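First up is the structure itself, then whatever we jot down about it.
Computed from the coordinates by the stated procedures, all read-outs in this text should not be read as laboratory data. Small disclaimer: the values here were computed from a predicted structure and weren't measured. Quick reminder, even Gly has a Cβ in these numbers, built from the backbone with ideal geometry, and neighbours come from all protein chains shown.
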Amino acid sequence: MRNRLNPALMVAVIACAALAGPLARAQDADPTALPYAAQMLRLSEILGALHYLRQLCNSGEGGRWRDQMEALIESEQPDELRKARMVDAFNRGYQGFRSVYRTCTPAAELAVGRYMDEGAKIAADIAARYGKTDG
C-alpha cells in the first residue's frame, strides 16, 4: 500500500495538534466555545477509523492510533464532557469501518490514505492556528 503520507509523520503532526491544549484550558466549561472543537472531534473520529483499518490491513502498528488518541486527550486535558465527545467520535470512526470491512480491501487501503491526509491537514491547521508560541 502506498500512502502519500507516512504514518510516522501523521503521528508527529497529531502530536503538534496537542499544542492547542493551553487554549482549551483557558476556555470556559462550554465545549463548543473552543474555536477548533469540531476539528478536534473530526480528528478523533479519524484516529478511530485508522485504529481499525490499519490493524485490519496488517500494518504491524499495534495500538499506535489508540495511543495517539490517548496522548491527544492527555495533552488537551479536556473536561469530562469534551473527553466523552472525543472518545465517542473515536469509537464512531472505529465502529463505522468495523461494520463495513471484515478484510483489507483496496477500498479500505484507499480510505486509510485519505484519512491520513485529512487528519494531517486538520492537525496541522489546529497547530498553526492555536498552538503555543514562544513569543
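Details
- The length gained by stretching the chain between residue 58 and residue 103 to full extension, at 0.36 nm per residue less their Cα-Cα distance, is 15.2 nm.
- Full extension of the chain between residue 80 and residue 118 gives 11.0 nm of extra length, using 0.36 nm per residue less the Cα-Cα distance.
- Ranking of 56, 50 by count of other Cβ atoms within 10 Å, fewest first: 56, 50
- Between residue 70 and residue 91, the simple label model (points 7 Å from Cα in the Cβ direction) yields a spacing of 1.7 nm.
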